[in-house]
Amino acid sequence: MTGMPADTEPEAQRLTALLSKDVESHGLLLEEVTLRPSGKQMILQIIVDKADGHETLDLDELGEVTTTISNALDKDAVYANAAPYELEVSSPGLSRPLTAQRHWIRAINRMVKLSLADGTKLRGRLLEVNENDVLVAEHREPAKKGMKVKVLEPATHAFENIRKAVVDPELNFDDALLDTVDTEDLEG
């Protein structure tokens with residue numbers, strides 16, 4: 001790719017330094033920059049997030065920061081003259097590991113999956129986040145179909161003992177919502 005760096009890790013670090021202030025001007029943090037080849041072009045993936053950990057990005061904010069990043073890249077000597085590249089700007093998805101305290105704070109009251117240093121794996125509701133640990137009420141699957149999930153007493157898990165953690169999305173379907181659907185619209 002003409003004018004595009006071949007080694008992606010140093011380039012990702014350079015772009016992080018270049019774009020951080022522009023992203024911060026929107027009240028956001030630049031979480032990660034990755035570059036990967038795709039055919040004859042490079043894909044620039046940029047992950048941005050809210051700094052406080054309590055809110056999530058909305059589409060308007062994401063659009064505004066994407067425009068700012070695109071304009072900064074257009075002025076950069078490497079990308080102004082580079083072959084076409086694809087820019088992807090997004091917020092961290094649900095599948096991204098919980099690594100920073102703000103990630104944990106955003107996940108309060110959600111189900112999480114933890115892999116602990118001793119090899120234990122558990123799933124439970126995240127209740128509290130402190131400086132050094134988290135409080136999780138473990139949910140154990142029933143032994144037989146039709147039985148209720150067993151919810152254990154909340155237990156504290158130190159960050160130093162958590163090897164990996166992710167949000168475990170819940171699909172709660174409220175049957176009462178079916179009453180609000182106009183079936184005539186569905187029939188075409």
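The values are calculated or read from the model by the stated rules, or taken from the named source; none is laboratory data. Treat the numbers as computed from the prediction; the structure is a model and nothing was measured. In this analysis, Cβ positions are derived from the backbone assuming ideal geometry, glycine residues included, and neighbour counts consider all displayed protein chains. Please note that ligands, DNA and RNA were not included when accessible areas were found on the heavy atoms of the full protein model with its side chains. Shrake-Rupley method; radii C 1.70, N 1.55, O 1.52, S 1.80 Å.
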Next on the checklist: Just checking, does segment 49-65 include any residue being at pLDDT below 85, acidic (D, E) and open to solvent by 80 Å² or more (accessible area, probe 1.4 Å)?
Outcome noted: yes
Item to check | Among the residues listed as L135, L122, L127, L114, the single one being under 19 Å from the mean Cα position of the chain (by Cα) and under 23 Å from L171 (Cα atoms) | outcome: L114
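For segment 83-109, give me the residue count where each residue is touching a Pro at 6+ places or on another chain (Cβ under 8 Å) and open to solvent by 50 Å² or more (accessible area, probe 1.4 Å).
So the answer is 1.
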Next on the checklist: Any residue in segment 154-166 that is in contact (Cβ under 8 Å) with a residue 12 or more places away in the chain sitting within a Cβ distance under 6 Å of a residue that is of a type in the set (S, T, N, Q) and open to solvent by less than 60 Å² (accessible area, probe 1.4 Å)? List the pairs, counting only those 6 or more apart or interchain.
Outcome noted: R163/S115; K164/S115
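Quick check: anything in segment 158-167 among the basic types (K, R) and exposed (fewer than 11 other Cβ atoms within 10 Å of the Cβ)?
no
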Checklist outcome for this item: Apart from one, (1) of a type in the set (A, V, I, L, M, F, W, C); (2) under 30 Å from N109 (Cβ atoms); (3) in contact with a helix residue (DSSP H, G or I) (Cβ under 7 Å, 6 or more places away or on another chain); (4) open to solvent by 20 Å² or more (accessible area, probe 1.4 Å) all hold for A80; the odd one out is (2)
Next on the checklist: Checking the structure you have, find out if any residue of segment 149-171 is part of a loop (DSSP other than H, G, I, E, B), at pLDDT below 80 and within 24 Å of N109 (Cβ to Cβ).
Outcome noted: yes
Checklist outcome for this item: Over segment 20-77, the set of residues farther than 27 Å from R106 by Cβ and among the acidic types (D, E) is D74, D76
Item to check | Residues satisfying the stated conditions in segment 118-144, i.e. exposed (fewer than 14 other Cβ atoms within 10 Å of the Cβ) and farther than 29 Å from A51 by Cβ | outcome: D118, G119, T120, K121, R140, E141, P142, A143, K144
